[in-house]
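Data block below; observations after.
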Amino acid sequence: MAKSLLIENGTVVTLGEPVRVLPRHDVLCADGVISRIAPHGQIAGAFDDTIDAHGAVVMPGFINIHTHLYSTLVRGLGKAKPADDFQQVLERLWWRLDRQLRPEDVESSALVALIEAVRHGTTTIFDHHASPFALGGSLDVIADAVRRVGMRACLCYEVSDRDGAEVAQAGIAENAAFIARLERERDPHLRALFGLHAAFTLSDATLARAVEAAQGAGFHVHVAEAASDQEVNLARSGQRVVERLHGFGVLGPRTVAAHCVHVNEAEMELLAATDTAVAHNPQSNMNNAVGVADVPALRRKDVLVGLGTDAMTTNMLEELRAALFVRHLAERNPSVGFGETVALLTHGNAAIANRHWEPKLGELREGWAADIVIVDYDPPTPLDETTFSGHLVFGLSQTSVTTTIVGGKVLMRDRRLTLDLDEAEVNAKARERAAALWERF
């Protein structure tokens, strides 16, 4: 890795509060962080590497608050019976798939998805893993893939009772061991949360054991993704999902609650009172026909909301467009929620990530992490602070990321990966492993 990297003569979009758009500016990265931003030509010195960003936009790398790397090898699989509802989607596809995963599948699936993320300028992900019969050490396998690609990732294993008490306990142990590993190693690329599948697949006893084992760590959990999550919890415990999780101590500022499609006003107030973050996943919610999360209502309650993909894509700008368009459709109003939706990606994701990372992510600012993307975009209309969001949704999203940098290390340059990985070989191995996985499925 070059100790000093100068990105020069680009249109720098800082994000943060306030967003600044700085034409013909340079960004100096040193020792993994941004050390200076200045007009072109004002940063003097000798640098280990220089990138000419003329005719391009320079901005922070994208962050994905909720995904599933293990799902990559399902593409094209046609063996699952058609599903009538979300429960059948889980039973006929995802739970059948994750039971057949082996460590080599976990590795291939992660590498493919991480490389695709680099190509789309996603530099940090929050992953939620499941492989109940290849469980022990699975987070180490994914962590190794993350390090090989050079991204940042917050990992967890989803604890569930659906495969029996022994597997549930193994999931608890996997989370605890990985959290302990990271506390020892302090790897700047890796973070950990304690994974839980969803309240409807977790008994009181398992929830209690998980919270005890977490020892104050935050959680990453699916929350009221479908109405059935509420129905099962009410029938079993007399409590709604958020109420039950709160009673066990799962909520809090370091916890990510994915989906929250079917939460009521009281649950939103609990999320806000505990400062729990929510990950909105619009493409997945549409695909599974579970509904549309009421993000405006969550934001009115002062709930911190960010944007995830639930593994539907590694392209955060694609997910952003879906979030905007489904908001218009849900509200039957083509003028509602534009700025608020853009802010999920540009502000919410950074705010969530920065509860876990230091140096901070998601803004081009001196002292912050040098996680940067360069996008091939020469704006055909005026680009400034007042127009940036429109360019992001309707312009930048339609072109390509040319360069991806994490911690000052160039992972892709001029659309060519600079990784110590052979992408063709990674894909070939993935095809072999997918074919064998499909046979087992």
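Key figures
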| item | result |
| --- | --- |
| Entirely in segment 31-91, the strands (runs of 3 or more DSSP E) that have 2 or more residues that are of a type outside the set (Val, Ile, Thr), within 25 Å of the chain's Cα centre (by Cα) and closer than 30 Å to Asp384 by Cα | 57-60, 62-67 |
| Complete set of residues in segment 54-70 that are within 18 Å of Arg119 (Cβ to Cβ) and of a type in the set (Gly, Ala, Ser) | Ala56, Gly61 |
| Subset tally (residues that are surrounded by fewer than 20 Cβ atoms within 10 Å (Cβ to Cβ) and under 24 Å from Phe86 (Cβ atoms)) for segment 295-312 | 2 |
| Residue under evaluation Ala213, criteria (1) small (Gly, Ala, Ser); (2) touching a helix residue (DSSP H, G or I) at 6+ places or on another chain (Cβ under 7 Å); (3) closer than 27 Å to Leu344 by Cα, criterion not met | (3) |
| Test: residue in segment 194-208 that is over 22 Å from the mean Cα position of the chain (by Cα), over 25 Å from Ser284 (Cα atoms) and of a type in the set (D, E, K, R) | yes |
| Unique residue being in contact (Cβ under 8 Å) with a residue 60 or more places away in the chain and of a type in the set (A, V, I, L, M, F, W, C) when the list is Ala227, Ala198 | Ala227 |
| Filter result (farther than 25 Å from Leu361 by Cα, hydrophobic (A, V, I, L, M, F, W, C) and in contact with a helix residue (DSSP H, G or I) (Cβ under 7 Å, 6 or more places away or on another chain)) within segment 37-82 | Leu73, Val74, Leu77, Ala80 |
| Filtered residue count, segment 391-414, keeping only those that are of a type outside the set (A, V, I, L, M) and either crowded, with 19+ Cβ neighbours inside 10 Å or touching a residue at least 40 places away in the same chain (Cβ under 8 Å) (or both) | 10 |
| Residue check, Ala293 in the same structural domain as His259 (by TED's automatic domain parsing), within 27 Å of Val410 (Cα to Cα), of a type in the set (Gly, Ala, Ser) and modelled with pLDDT of 95 or more | no |
| Residue within segment 85-93 that is at pLDDT below 90 and surrounded by fewer than 18 Cβ atoms within 10 Å (Cβ to Cβ) present | yes |
| Residues that are farther than 23 Å from Ala353 by Cβ and among the β-branched types (Val, Ile, Thr), drawn from segment 222-268 | Val232, Val241 |
| Odd one out for Ala273, checked against (1) touching a residue at least 24 places away in the same chain (Cβ under 8 Å); (2) among the aliphatic types (A, V, I, L, M); (3) surrounded by fewer than 16 Cβ atoms within 10 Å (Cβ to Cβ) | (1) |
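The values are calculated or read from the model by the stated rules, or taken from the named source; none is laboratory data. What you see is a predicted model; the values in this text were computed from it and never measured. With ideal geometry, Cβ positions are generated from the backbone for all residues, glycine too; neighbour counts draw on all protein chains shown.
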